[in-house]
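K.L.:
I have a structure I would like to understand better, so I am pasting it below and will then ask my questions one at a time.
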Amino acid sequence: MVGKGLTADVYLELLFYFSINVTPISLTLAVLLSSLISFGNLGEHFELTAIKSAGISLVRTLRPIFVFSALLCFVAFFINNNIVPKANLKAFSLMYDVRQKKPTFEFKEGAFYNGIPGYSIKVNKKFLDGNSLKGVMIYDHTAGRGNIQVTLADSGNMYMIDNERYLVMELFNGETFNELVENQKPNAQQFVRNAFEKSKVIFSMESFNLQRTQEELFASHKIMRNVTELKHDVDSLRAQKDTLIKSTFVSVKPFYNFAFRYDSSYIGREYKSKKFDYNTDTLLRATVLRYATNSARSVKSYLGSQQDRVDYIRREANSYDIEWYKKFTMSFACLVMFFIGAPLGSIIKKGGLGVPVIISIVFFILYYILSIVMEKWAKEGIVSIPVGMWAGNLIYLPIGLFFLMQARNDSRILETDYFAVLWDKVVRLFRKKK
């Protein structure tokens, strides 16, 4: 993106689309952090104690926020299924076009510049104003016949016209050499030489514009599909894999021709030119062995290539299936993070952006790493795809319920005094046994 001469609206468009792309995962972190801060503040200012003393349990206090978190899961799924694929399509198609865009042209002193199609330009010196040039050489290749036309100029000046669609090079005190190649005799060279005091060369800058590719060309990628399209893609890929396996078994049958018959004329032709006195049985065994060896090599090579194709299709089907499950697991993670954050905030009794932020980052990073590892295992077939994609939520949900139980009983599990007392109990227990 650097040095491409992009306008501000392109950068803003990319940032907007990629911000939508990270919305589902950011909602997960937002729920965890906000619930930690909210209930940490309530605990820090003894408001939870006042609520409990009024006969309202912690579970009842969490109920309306639980309903909100559940609704947020549906919102996250809607965004992930309907909005994010469209944003991804626009973001990555635009990113592809930005990558394909040529850098802004810039002449380096003493070096040829070939960025403008059909021309090769060399500037000996470029002055500080960026427009004045000294010692200009221009090779014109637009005719497609090599270096048959060259322009040399003592100095020059360049500027843009027509909303930067064209580059004008105004040259001074130079010459143009044009080699005539038509109707030329062998070993004869004819040149046309024109001298000028002032000349203008206009170059089209169309190739430097941002060319937009049709978005439909990128629409088949998994991150640009909704759950219905992903399910159809998974079924198509797996059907393609099954068809390939069946066709492989059919194609490999001719290699297993065990009904090899002894043909004396064939063996005679095979060994007639050789002056060896072989036994007929020995000749037959050698022929059969060579035939079997060639067949085995052919089968091995064919099956190896087919196995690579099957593995590729299987991994592609798994990746599409993983993306289908991710639509649901990332949405449900909002509810799981609520079960982690709200009880944990009421236990630690710390609000603000200090301790809650640290705890949120730790829990979120562990969840993210666990999800990435299990997703990789699921793609490679080490674990089943449902287990791999739901593993993070299934591990974190019991932890959240454990925190909820501890918070309901006013546990001091995260206080230093709690662990000191627990350590003293362990020490006294070992002393008693001793």
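The values are calculated or read from the model by the stated rules, or taken from the named source; none is laboratory data. As the structure is a prediction and not an experimental result, all values here were calculated from the model. Here the Cβ is made from the backbone with ideal geometry for all residues, glycine too, and neighbour counts use every protein chain on show.
K.L.:
Looking at region 262-269, is at least one residue hydrophobic (A, V, I, L, M, F, W, C), surrounded by 13 or more Cβ atoms within 10 Å (Cβ to Cβ), under 27 Å from Thr282 (Cβ atoms) and modelled with pLDDT under 85?
P.N.:
Scanning region 262-269, I find at least one residue that is hydrophobic (A, V, I, L, M, F, W, C), surrounded by 13 or more Cβ atoms within 10 Å (Cβ to Cβ), under 27 Å from Thr282 (Cβ atoms) and modelled with pLDDT under 85, so the answer is yes.
K.L.:
Got a sec? Which of Ile138, Ile116, Ile121, Ile83 is within 26 Å of Leu29 (Cβ to Cβ), surrounded by 14 or more Cβ atoms within 10 Å (Cβ to Cβ) and of a type in the set (A, V, I, L, M)?
P.N.:
Just one listed residue meets the conditions, Ile83.
K.L.:
Going by what's in this entry, would Leu133 be described as in contact with a Phe, Trp or Tyr (Cβ under 7 Å, 6 or more places away or on another chain) and farther than 30 Å from Leu401 by Cβ?
P.N.:
So Leu133 does not fit the description; no.
K.L.:
From the residues in region 53-87 that are in a helix (DSSP H, G or I) and of a type in the set (Ser, Thr, Tyr), which one is farthest from Ser34 (Cα to Cα)?
P.N.:
Ranking the candidates gives Ser53 first.
K.L.:
Starting from region 374-385, keep only residues that are within 14 Å of Arg314 (Cα to Cα), then list their pairs with residues that are in a loop (DSSP other than H, G, I, E, B) and of a type outside the set (S, T, N, Q) whose Cβ atoms are within a distance under 7 Å, requiring at least 6 positions of separation or different chains.
P.N.:
Trp377/Val383
K.L.:
Could you please let me know if Met169 is farther than 30 Å from Lys86 by Cα, modelled with pLDDT of 80 or more and surrounded by 11 or more Cβ atoms within 10 Å (Cβ to Cβ)?
P.N.:
Working: farther than 30 Å from Lys86 by Cα: yes; modelled with pLDDT of 80 or more: yes; surrounded by 11 or more Cβ atoms within 10 Å (Cβ to Cβ): yes.
It is true that Met169 is farther than 30 Å from Lys86 by Cα, modelled with pLDDT of 80 or more and surrounded by 11 or more Cβ atoms within 10 Å (Cβ to Cβ).
Okay, residues lined up against (1) part of a helix (DSSP H, G or I); (2) over 26 Å from Ser57 (Cα atoms); (3) at pLDDT 80 or above:
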position	(1), (2), (3)
Pro386	yes, yes, yes
Gly392	yes, yes, yes
Ser411	no, no, no
Phe430	yes, yes, no
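K.L.:
Write out, first by first residue and then by second, each pair whose Cβ atoms fall under 6 Å of each other, whose residues are 6+ apart or on separate chains, and whose first residue, in region 83-109, is farther than 17 Å from Glu215 by Cβ while the second is of a type in the set (Phe, Trp, Tyr) and modelled with pLDDT under 80.
P.N.:
Close Cβ pairs (under 6 Å, with a partner that is of a type in the set (Phe, Trp, Tyr) and modelled with pLDDT under 80) amount to Lys102/Phe208.
K.L.:
Which of the residues belonging to region 104-139 are within 21 Å of Ile161 (Cα to Cα), among the charged types (D, E, K, R) and at pLDDT below 85?
P.N.:
Hits for region 104-139 are Glu106, Asp129.
K.L.:
Restricting to region 369-384, give me the number of residues that are assigned to a helix (DSSP H, G or I), in contact with a helix residue (DSSP H, G or I) (Cβ under 7 Å, 6 or more places away or on another chain) and of a type in the set (A, V, I, L, M, F, W, C).
P.N.:
4
K.L.:
Turning to a different aspect of this structure: Collect the residues in region 120-139 that are among the polar types (S, T, N, Q) and farther than 12 Å from Glu170 by Cα, keeping them in residue-number order.
P.N.:
Result: Ser120, Asn124.
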